[in-house]
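Scroll down for the structure; my scribbles are underneath it.
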Amino acid sequence: MRKLVLSVVSLLVIVSCLAGCAAPTPQVVEKVVTQVVEVEKEVKVVETQVVETIKEVEKIVVATPEPTAVPVVDANTLPRNETLYFNGQQWNAVVGWNPYSNSNNNAMAVAQQDNARVIMFESPYLYNMLDGKQYPLLADGDYTWNDARTEITFKIKPAAKWSDGTPVTAEDVAYTWASAAKYGMPIYDSNKDFVETIEAVDPQTVVLKAKLDADGKAINPLQVQAYLSTNYVVQKAWTDKLIERSGGDLTKMLADPADDVVYSGPYGKFFSDDSKVVYIRNDDYWGKDASMWGKLPAPKYLAHTIFKDNAAGSVALAQGEVDVSQQFNSNIQILWESYGLPISTYLPEPPYGIGASLPTAFFNLQSPGLDQAAVRKAIAMAVDYPTIIANAMTNQSATFDQVPRSLMNPTAGEQATYDHEAVKDLQWAGNDIEGATALLDEAGVVDTDGDGWREFDGQKLSYVATAPNGWSDWQAAIEIVAAAGKKIGIDITTNYPEWGVYQTVVTKSDSPLPEGYDIFMMWSDGAGPTQPWGRIRKLMSSEFVGMSSNWNGNWGQYSNPAADELIKKIPTMTDEAELKAAYTELVKIYLTDVPSFTLMYRPQSFHAVNESVWTNFPHEGDGTNPPVPPLDCTDGWSIACLYNLTLVK
């Protein structure tokens with residue numbers, strides 16, 4: 001017999017909730033009390049001492065302590081050889097992590113687009129802008145159409161898992177759509193005219209049924225197959241939590257920051273504030289299975305510093321504090337030609353990137369005078385585009401003499417889709433002050449009081465042109481637009497609100513744009529599985545007018561029934577001549593009505609890299625197969641870049 005003296009352990013668990021600046025509130029918590037007890041017990045002698053504890057739980061009331069400062073995570077403390085740094089995607093602090101919402105301002109994590117951003121949330125397929133193909137991600141193999149082309153069937157990879165370790169299933173795919181449809185979420189609003197239902201046939205098999213016209217044909221086969229590489233799959237179990245805590249209220253659901261979200265991608269939330277956002281690799285990520293990448297992505301951390309403007313971002317790139325730059329860097333070639341820095345772009349010569357998108361100035365069609373096509377076209381004709389391209393873009397764009405304006409990007413495939421000769425008389429290359437003046441005079445928009453400014457219906461033509469603060473290429477372009485106005489007797493001033501304000505205003509299409517947004521810049525679609533139809537739709541279709549959260553396009557709220565009809569018909573056309581005629585007619589309408597106008601041709605994404613730390617980024621002729629596009633290692637098939645990176649030795 002031997003007497004054992006038990007050790008004393010006291011464990012106090014306090015759960016506190018801090019509410020703003022309110023006084024601390026006493027709360028009921030559990031206290032585990034361990035008592036000293038002597039017991040007589042026969043034991044065999046072993047190498048370790050036998051210790052036994054008796055615990056009892058009692059409830060006590062304690063005061064919540066005053067809040068203490070949360071330690072700030074400094075991006076510089078991250079291991080440099082494990083961290084890939086970005087700029088140019090994130091402006092202002094992250095708002096949320098909600099895959100159902102368009103209002104997260106979480107640029108790297110949540111972007112459902114033609115080349116969906118897939119570091120955190122994943123789509124069934126990945127689009128590759130370089131070869132126009134869709135490659136399986138969550139999906140297992142290629143999708144198949146039925147003979148009538150009304151249904152698509154695909155399977156989910158058995159290896160696919162959520163970040164909580166549970167399988168990704170066909171039911172998750174179906175429930176994402178069903179929930180979006182039931183509550184009217186943005187995913188549904190953007191696709192409801194093309195997708196009827198998405199069904200889970202068994203745990204691995206998904207059937208996507210197209211919405212049919214009166215003849216039983218799919219209304220838009222292009223949009224149906226694009227859904228697969230554009231939209232995320234969201235976990236059913238987490239979706240139910242979201243619905244439950246929001247009480248099924250759509251506004252509350254979309255405003256939910258989703259800090260507890262479950263995801264399937266290789267990276268998740270690590271830290272964010274108003275200076276940076278950091279994502280950390282999930283080392284249990286399913287994609288290391290042989291059925292997908294066969295390994296984890298090279299960087300453990302993806303970090304995006306939130307710079308004040310492009311100038312600050314460019315300095316950081318030059319200093320090696322940024323590895324991947326998705327922002328406009330003025331005279332990018334100087335960094336390697338004059339300074340010998342290990343910085344490069346996808347193309348070694350101008351325009352340095354693949355021109356695919358069309359940054360566009362939109363008119364607020366409800367502003368007095370801007371409801372007149374003559375005023376809109378005169379402003380567009382007077383703009384000095386060569387100066388925008390040479391100065392604002394530092395020649396990182398083709399000119400409008402090289403690629404005359406239309407609705408198509410400069411790629412050969414898109415340029416072949418319309419009849420150039422048929423629209424030649426409607427095109428302009430810019431800086432045409434004489435032509436713009438004549439157009440206004442002919443329309444009766446003249447200066448009647450001799451103050452130097454033209455009037456329409458007795459009201460002086462005075463507008464505010466705007467772009468997000470810190471977006472230097474856009475701001476430079478808008479200044480040139482304002483200068484053009486003055487040359488033809490239209491008073492245009494400029495204003496540059498912060499992106500957080502700007503994006504909230506221009507994407508609210510269910511009410512008139514407020515004062516100060518008469519002319520404003522936004523983007524248009526780049527390369528994708530539905531182009532050029534998808535870009536034209538988003539520039540001209542009236543379907544987006546009235547949307548409370550419109551990240552699609554037509555932000556000036558233009559409406560033209562003839563254009564709407566052509567946009568509706570094109571996806572079902574199979575005859576090449578008919579298709580070309582339809583595209584040509586849309587270009588004619590656009591260049592006549594001028595609801596908006598392209599200011600430059602822009603790369604799909606700016607993609608400059610500093611190879612001081614990491615190397616093996618995509619570049620033209622790099623030998624990758626399939627080719628990895630220069631979309632900053634985050635969008636569509638370009639995420640393959642993260643698996644190719646190696647450290648500079």
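What to note about this one:
- Strands (runs of 3 or more DSSP E) lying entirely in the range 74-166 (those with 2 or more residues that are of a type in the set (D, E, K, R) and either open to solvent by 30 Å² or more (accessible area, probe 1.4 Å) or at pLDDT 95 or above (or both)): 151-155
- The residue that is modelled with the lowest pLDDT, counting only those in the range 601-634 that are under 16 Å from the mean Cα position of the chain (by Cα) and among the hydroxyl-bearing types (Ser, Thr, Tyr), is Ser605.
- Selection within the range 539-557 - open to solvent by 10 Å² or more (accessible area, probe 1.4 Å), touching a residue at least 40 places away in the same chain (Cβ under 8 Å) and closer than 13 Å to Leu365 by Cβ: Gln557
So that you can scan it fast, the table gives a plain yes or no per residue for (1) among the basic types (Lys, Arg); (2) part of a loop (DSSP other than H, G, I, E, B); (3) surrounded by 16 or more Cβ atoms within 10 Å (Cβ to Cβ):
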{"site": "Met253", "(1), (2), (3)": "no, no, yes"}
{"site": "Val261", "(1), (2), (3)": "no, yes, yes"}
{"site": "Gly313", "(1), (2), (3)": "no, no, yes"}
{"site": "Pro348", "(1), (2), (3)": "no, yes, no"}
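- Residues that are surrounded by fewer than 18 Cβ atoms within 10 Å (Cβ to Cβ) and touching a strand residue (DSSP E or B) at 6+ places or on another chain (Cβ under 7 Å) within the range 498-533 comprise Gly516, Trp523, listed in sequence order.
Every residue, every condition in (1) touching a residue at least 12 places away in the same chain (Cβ under 8 Å); (2) assigned to a helix (DSSP H, G or I); (3) open to solvent by less than 10 Å² (accessible area, probe 1.4 Å), yes or no:
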| position | (1), (2), (3) |
| --- | --- |
| Ile388 | yes, yes, yes |
| Ala398 | yes, no, no |
| Val403 | yes, no, no |
| Leu407 | yes, no, yes |
| Tyr418 | yes, no, yes |
| Asn431 | yes, no, no |
| Glu434 | no, yes, no |
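- Scope the range 265-297; condition under 18 Å from Gly165 (Cα atoms), among the charged types (D, E, K, R) and not in a strand (DSSP E or B); matching residues: Asp283, Asp284, Lys288, Asp289, Lys295
- Listed by first and then second residue, the pairs with beta-carbon distance under 9 Å, at least 6 apart or on different chains, first residue in the range 188-201 and under 21 Å from Thr169 (Cα atoms), second open to solvent by 20 Å² or more (accessible area, probe 1.4 Å) and part of a strand (DSSP E or B), are Val195/Lys209; Glu196/Lys209; Glu196/Leu212; Thr197/Lys209; Ile198/Lys209; Glu199/Lys209; Val201/Thr153.
- Near pairs, Cβ below 7 angstrom, 6+ apart or cross-chain, from the range 226-246 (among the basic types (Lys, Arg)) to any residue that is surrounded by 16 or more Cβ atoms within 10 Å (Cβ to Cβ) and assigned to a helix (DSSP H, G or I): Lys236/Glu171; Lys236/Asp172; Lys236/Tyr175
The values are calculated or read from the model by the stated rules, or taken from the named source; none is laboratory data. Since the structure is predicted, the reported quantities are computational estimates derived from the model, not experimental observations. A quick note on method: Cβ atoms are made from the backbone with ideal geometry, for glycine too, and the neighbour counts reach across all protein chains shown. Ligands, DNA and RNA are stripped out before the accessible areas are found, and what is left, the full protein with its side chains, is counted by its heavy atoms. Shrake-Rupley method; radii C 1.70, N 1.55, O 1.52, S 1.80 Å.
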